[in-house]
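A quick write-up on the structure given underneath.
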Amino acid sequence: MSGHFSEAAGPAAPKVLLIGFSNTAMPTGYATVLKYDFARECPGGEIVRVGLGALQPFAIPPFVRLADRQHGPFSHVLFEVNTSAFAIHPYRTEAIARELLADMVLTTREIGAGPAFLVLYRDFGGKVVVDFNAITRAFCAEYGIPVLDLAEGLIAEVGEHFVRSLVRDGVHTTTHGTRFQAERALPFLLEFVNAPLRPGASPAGKPVRRRFLDLADLLPELRHERVSLSNLELDLVLLGDGQTASLDLGRERLLEGIVHLYHLGGGRADIRLDDREAATVLTSIDRFSYYTRIGVQGFNAFRGERASKVRIDGVRAARDVALDRTPRDGEASPSVRQRLGPLLIAERDD
């Protein structure tokens, strides 16, 4: 370990970014209860909740920056990122997990805030490839970062049967589970925001940092829209049937993915990097697309591909995708289109 992070002093009243996945996004989950309980117990304090369901942790750092620009400055960031499918993906490793955790922490300190982690329980059905929970606990211990373990740590305290009773489908909470998680998280959060922010040790080497590259700036000739989702404002470009988008990034970059929306008018499109024959197929409609939400299509399973040019074409309907429920009148989109957000790029700090 070498060097130190520098942190700006937070505001007199704490302003917390709570960012996570479906458990944080659920209106009936712990985050809603915690937000109101925290405001009651910490007068003047505020939680800004950003729930990004069904994503991978790779996109979290640039979303932290986006949230900070739109809702900050934040004094603290609480990450709920361990319930994603990261742990069961065949290409995930401990090195990738630690790299992502370092990027999240560095990004938090970059915006002048203090980081902490909330580890929630998920039943992975014995399919874990990399123990993201254990890696997170070890990383936090190594770098002096607060962590609340409501997964294996809670099992050791109260038993697996009780912890399983808190969730209805292996991950999302029952009514009792929602209240229990919020009650456990509140004192942890209060202690976190009341403790002095201190510099933390930095991992050696040049860590990989993830950032967004906005398509709206690169494709001014296309139709644009601004949408509000997950407590964020996103600038998107629209690509309809028969339209093609070509981007010249000016230099080679490591591209990890592209942000898009899942929605009723979604379909498929082919994304080619540097005119390669093989394409990444972006599918922006799934069985839950009666609910518009943010997605991220990874390139090479988020391992990334180096390229200086991007071409998007072949926008078409995905007629094989069936919705879980019938859309209400007026919900269906009249035409297929891709609603595309920024590129997710990864670069090492100089």
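The values are calculated or read from the model by the stated rules, or taken from the named source; none is laboratory data. Everything numeric in this text was worked out from a predicted model, so none of it was measured. Ideal geometry is used to build each Cβ from the backbone, glycine not excepted, and the neighbour counts take in all protein chains shown. Surface areas here come from the heavy atoms of the whole protein model, side chains and all, with no ligands, DNA or RNA. Shrake-Rupley method; radii C 1.70, N 1.55, O 1.52, S 1.80 Å.
Values as computed for the structure displayed
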{"item": "Crossing angle, helix 94-110 versus the chain [Cα axis fit, 0-90 degrees, rounded to tens]", "result": "80 degrees"}
{"item": "Cross-link partners of Lys206 among aspartates and glutamates (Cα-Cα below 20 Å; sequence separation of 8 or more within a chain)", "result": "Glu7, Glu94, Glu99, Asp103, Glu110, Glu142, Glu252, Glu256, Glu305, Glu347, Asp349, Asp350"}
{"item": "With Cα atoms, 0 to 90° folded angle of helix 30-41 axis to the chain main axis", "result": "50 degrees"}
{"item": "Burial ranking of peptide ranges 239-249, 90-100 (average Cβ count within 10 Å, highest at the top)", "result": "90-100, 239-249"}
{"item": "Accessible carbon and sulfur surface of the chain relative to its total accessible area, %, 1.4 Å", "result": "49 percent"}
{"item": "0 to 90° range, to nearest 10: angle between helix 60-71 axis and the chain longest Cα axis", "result": "80 degrees"}
{"item": "Cross-link reach list, lysines versus Lys35, counting only Cα pairs under 22 Å and skipping chain neighbours closer than eight places", "result": "Lys15"}
{"item": "Fraction of antiparallel bridges per DSSP, the chain only, in percent to nearest 5", "result": "70 percent"}
{"item": "Rounded accessible area per residue of segment 103-165, 1.4 Å, Å²", "result": "39 Å²"}
{"item": "Integer Hz, Karplus 6.51/-1.76/1.60 couplings in order for segment 122-130, x for Gly and Pro", "result": "9, 8, 8, x, x, 9, 5, 9, 9"}
{"item": "Probe 1.4 Å, accessible area per residue of segment 250-350, Å²", "result": "48 Å²"}
{"item": "Highest-MSF residue in the chain out of Ala301, Ala25, Ala156 [GNM, Cα springs under 10 Å]", "result": "Ala156"}
{"item": "Of Gly159, Gly257, Gly177, the one that fluctuates the most in a GNM where the chain has Cα springs shorter than 10 Å", "result": "Gly159"}
{"item": "Charge dipole magnitude, Cβ of K and R +1, D and E -1 - the chain, Cα centre, debye nearest 20", "result": "280 debye"}
{"item": "Helix-only CD estimate at 222 nm, as mean residue ellipticity for the chain, using -39500 (n - 2.57) per DSSP H run (n ≥ 4)", "result": "-8000 deg cm²/dmol"}
{"item": "Dmax and Rg, reported as Rg then Dmax, of the chain (C-alpha, Å)", "result": "20.4, 59"}
{"item": "Choice from His161, His76, His260 showing the highest fluctuation, given a GNM over the chain with Cα pairs closer than 10 Å", "result": "His161"}
